[in-house]
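Input: a single structure, listed below in structure tokens.
The values are calculated or read from the model by the stated rules, or taken from the named source; none is laboratory data. This is a predicted model, so every value here is computed, not measured. A quick note on method: Cβ atoms are made from the backbone with ideal geometry, for glycine too, and the neighbour counts reach across all protein chains shown. The accessibility values were calculated without ligands, DNA or RNA, using every heavy atom of the protein model including side chains. Shrake-Rupley method; radii C 1.70, N 1.55, O 1.52, S 1.80 Å.
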Amino acid sequence: MNKFGIRFSFSTFGESHGVGIGCLVDGVPAGLKIDEAFIQAELDRRKPGQNEFATARKEGDKVEILSGTFEGLSTGTPISMVIYNTNQKSKDYTNIKDIFRPGHADFTYWHKYGIRDYRGGGRSSARETAARVAAGAIAKMMIAELGIEIQSGIIEIAGIRSENLDFDYVKNSQIYTLDKNAENAQKAAILEAKTRHDSVGGAVLVKIKNAPIGLGEPLYYKLDAILADAMMGINAVKAVEIGDGMRSSRTTGATNNDPIKADHFTSNHAGGILGGISNGEDINVSVYFKPTPSIFIEQETIDTHNKEQHFSLKGRHDPCVAIRGSVVAESMAAIVIADMLLLNMGRKMSGVKEYYFKK
Ligand SMILES: Cc1cc2nc3c(=O)[nH]c(=O)nc-3n(C[C@H](O)[C@H](O)[C@H](O)COP(=O)(O)O)c2cc1C
């Protein structure tokens, strides 16, 4: 499957070392102002080669809109976008042509399809996430017109937590951390792993602000379920929490229930979702990334002939993928919210009548 979403949906195409990657976004209402510079700025946040905490690969990631817009507005037709691959070093991968890299999708793709593009992981490469970011930028423009905003930042790297959650600080941080006080320790952990030719894991908090009450389609397209689906579909994500997540299973009802006042909830352990439907509070999603599988330490594996091998990787890789993964997580959150907003519009007869008969 290469598509996601029902009313606001997108599909992606392309491989890491092919001609390019791209997406086709469908269901965008006509008349949305499409700001190409914003799409590019979003891609630049994900772009590799920006500092020592990301891979040294330099990719231009220049986006080109091919369809679906006219004079700066969406036309209601599919919006397609392409990003050409420009900095591929396929020879980096010839030594692993027949090898299954531990932690990668090589083994499973080979067994599932019997053929694989080994260059940079082919379709399984996180290069594809650039296309999600482009699609997410369209979703962000749409939800912004309704006052909904999405923020994100690093809450953990190598087990070092960001205790002080300052979303304004994120843009000043090379590692997109939420906590200035934890930043040096988080950076040091990345560089220390890098020196040992190893990698570290990390986690991202995505916050959706000003979402109206009522988003989410029970029982089988619940907001929390689809957010988890969206996040788990991002490369290297191994866990997702809504609100207090796992911690809520270790507490009591008296502590965990969010008391309700006339115009707000006095706490938000639920992470803004009750019964699969948004309750008007901030929607908080924590997304946990495993350590980058490509490390430069000798590893044990097998080849396509089932022969055991010791091998060492070459190439250029992120020491912690959670950092660049944060904008991908934001993008997926925006796409889910855009989809839920459109799905929610037909929920009451009064709303349907208002749409068709209001002058
Ligand atoms: C933004 C982003 C960048 C990534 N960059 C790399 C990378 O440079 N090297 C690498 O080995 N894995 C990278 N990954 C992770 C792999 O793509 C992923 O772990 C691999 O395809 C196996 O899939 P799985 O971890 O989801 O099972 C990246 C992930 C994300 C989200």
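Data table
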read-out	value
Within a Gaussian network of the chain (alpha carbon springs, distance under 10 Å), most fluctuating of Gly159, Gly121, Gly68	Gly159
Lys, Arg +1 and Asp, Glu -1 on Cβ, resulting dipole of the chain about Cα centre, debye, nearest 20	500 debye
Euclidean distance between Cα centres, segment 286-313 to segment 104-135, Å	15 Å
Of all DSSP beta bridges in the chain, antiparallel share, percent nearest 5	100 percent
Over 29 Å (Cα to Cα) - which of Lys3/Lys209; Lys261/Lys290; Lys58/Lys209; Lys33/Lys290; Lys33/Lys180 fall in this group	Lys261/Lys290; Lys58/Lys209; Lys33/Lys290; Lys33/Lys180
Accessible-area composition of the chain, carbon plus sulfur, in percent [1.4 Å probe]	54 percent
Two-site FRET efficiency, Lys112 against Glu64, from Cβ-Cβ distance with R₀ of 25 Å, rounded to 0.05	0.20
GluC sites (Glu not before Pro) restricted to DSSP loop in segment 258-354 with at most 14 other C-beta within 10 Å	Glu298
For segment 180-257 and segment 26-67, distance of Cα centres in Å	23 Å
Charge dipole (segment 55-164, unit charges on Cβ, about Cα centre) - positive-most of Ser125, Leu146, Thr69	Ser125
Accessible surface, the chain, averaged per residue in Å² (probe 1.4 Å)	48 Å²
Cα-centred dipole magnitude for segment 172-330, charges only on beta-carbon of K, R (+1) and D, E (-1), debye, nearest 20	300 debye
Low-density loop cleavage sites - GluC sites (Glu not before Pro) in segment 120-191, where at most 13 other Cβ are within 10 Å (DSSP)	Glu145, Glu163
Note, ³J(HN,Hα) from phi for segment 162-176, Karplus 6.51, -1.76, 1.60, rounded to Hz, x at Gly and Pro	8, 7, 9, 8, 10, 5, 6, 6, 3, 5, 8, 9, 5, 10, 6
Positive-pole candidate from Gly272, Leu215, Asn181, dipole of segment 162-286, charges at beta carbon	Asn181
Selection from Ala262, Gly5, Leu341 lying farthest towards where the dipole of the chain points positive, charges on Cβ	Gly5
Principal-axis tilt of helix 36-46 within the chain, Cα atoms, nearest 10 degrees	50 degrees
Most fluctuating residue given options Val63, Val204, Val19, as computed from a GNM of the chain linking Cα atoms under 10 Å	Val19
Within segment 219-274, trypsin sites (Lys or Arg not before Pro) in DSSP loop having at most 10 other beta-carbon neighbours inside 10 Å	Lys261
Folded to 0 to 90 degrees: helix 321-344 orientation relative to the chain principal axis, Cα	30 degrees
Principal-axis tilt of helix 180-195 within the chain, Cα atoms, nearest 10 degrees	30 degrees
Rounded to whole Hz, the Karplus (6.51, -1.76, 1.60) HN-Hα couplings of segment 96-106, x for glycine and proline	10, 3, 10, 10, 9, 6, x, x, 9, 8, 3
Residues of type aspartates and glutamates that Lys97 reaches as a straight line, Cα spacing below 20 Å, ignoring anything fewer than 8 places off in the same chain	Glu15, Asp106, Asp117, Glu298, Glu300, Asp303, Glu308
Derived scalar couplings ³J(HN,Hα) [segment 234-241; Karplus, 6.51 cos²θ - 1.76 cosθ + 1.60; whole Hz; x for Gly, Pro]	7, 3, 6, 7, 10, 7, 9, 10
